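To start, the structure itself, in structure tokens.
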Amino acid sequence: MSEQVRELGVGGAFAFTMVAFPDDRGVFLSPYQEAVFVEVLGRPLFPVAQCSYSVSRRGVVRGVHFTATPPGTAKYVYCARGKVLDIVVDLRVGSPTFGAHDAVVLGDVDTCALYLPVGVGHTFVALEDDSVMTYLLSTEYRRENELAVSALDPALGLPLPPDITPVLSERDREAPALAEALAAGILPDYERSRGITQAL
């Protein structure tokens with residue numbers, strides 16, 4: 001595996017370190033390089049159905065978000081400006097790493113991008129004002145398919161910075177705990193998620 005790539009503690013999720021080229025004008029870097037991605041996953045990135053970005057002030061927590069599966073959504077994300085703590089959570093029922101999470105600092109200095117397969121939850125905490133997160137998505141946004149579990153659920157034990165007061169949307173404040181989402185039957189199935197990911 002390339003030294004630019006690290007497999008995360010959530011099965012199938014990877015962090016890709018970008019090589020930065022600074023000069024007196026600024027910096028140039030490539031968030032996605034197909035050859036590196038193919039070396040790791042054996043295929044190119046999924047066909048991109050939507051590209052989005054968010055701007056967040058310090059303390060904003062977005063997530064833990066996931067998409068109903070099917071259709072399921074794979075994601076490739078990076079922080080183009082500012083700094084965030086990005087956290088991936090395995091929400092796939094039956095996965096060997098179900099309930100596990102891993103965290104990576106992303107930013108315009110910490111130049112890294114994350115790949116999340118279908119069924120893996122995503123959340124981040126903005127560590128600086130005006131932090132810009134960019135998302136490449138394998139499916140278009142459909143409000144009715146977008147789901148969440150609480151990033152504040154003690155059972156998940158996500159490493160939210162202690163010096164930050166979380167700022168959440170109403171939707172994220174009302175999101176169920178992991179156990180509640182499991183009981184409600186809304187979490188992705190591991191084998192089905194893997195099948196969708198492999199078909200992308």
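Every number here is computed from the coordinates shown, using simple stated rules; none is lab data. Note that this is a predicted model, so its numbers are computed, not measured. Cβ placement follows ideal geometry from the backbone for every residue including glycine, while neighbour counts extend to all protein chains displayed.
For residue 143 and residue 24, what is the calculated FRET efficiency with R₀ set at 30 Å and r taken between the beta-carbons, to the nearest 0.05? Before the final figure, lay out the partial values.
Working: r = 46 Å, r/R0 = 1.52.
Here the calculated transfer efficiency is 0.10.
Quick check: pseudo-label points 7 Å beyond the Cα along Cα→Cβ at residue 183 and residue 52, how many nm apart are they?
If labels sit at residue 183 and residue 52, their model points lie 2.9 nm apart.
Which order results if 112, 51, 79 are arranged by neighbouring Cβ count within 10 Å, fewest first? Kindly include the intermediate steps, with their values, before the conclusion.
Values: 112 19, 51 10, 79 31.
Ranked by crowding around the Cβ, least crowded first: 51, 112, 79.
Report the dimensions of the chain along its three principal axes from the alpha-carbon atoms, largest first, rounded to Å.
55, 40, 28
How do 124-134, 96-106, 60-70, 20-30 rank on mean C-beta neighbours within 10 Å, highest first? Could you put the intermediate results ahead of the total?
Details: 124-134: 19.9, 96-106: 17.6, 60-70: 22.1, 20-30: 9.5.
Order by mean packing, descending: 60-70, 124-134, 96-106, 20-30.
In nm, give the distance between the simple-model label positions of residue 174 and residue 199, each being 7 Å from the Cα along the Cα-to-Cβ direction.
Label at residue 174, label at residue 199, 3.2 nm between them.
Counting other C-beta atoms within 10 Å, and keeping those with at most 13, which DSSP coil GluC sites (Glu not before Pro) do you find in segment 1-101?
3
Find the relative contact order for the chain and round it to a whole percent, using C-alpha pairs within less than 8 Å whose residues are 6+ positions apart. It would help to have the intermediate numbers written out before the result.
Values: 451 pairs, mean separation 57.0, N = 200.
Relative contact order comes out at 28 percent.
Can you bin segment 70-130 into rounded, prolate or oblate? Criterion: square roots of the alpha carbon gyration tensor eigenvalues sorted a ≥ b ≥ c, rounded for a/c under 1.5, prolate for a/b above b/c, oblate for the rest. Please list the in-between numbers first.
Values: a/c = 2.70, a/b = 2.02, b/c = 1.33.
It comes out prolate by the Cα gyration axes.
For segment 145-200 and segment 54-112, what is the separation of their C-alpha centers, rounded to whole Å?
Answer, in whole Å: 10.
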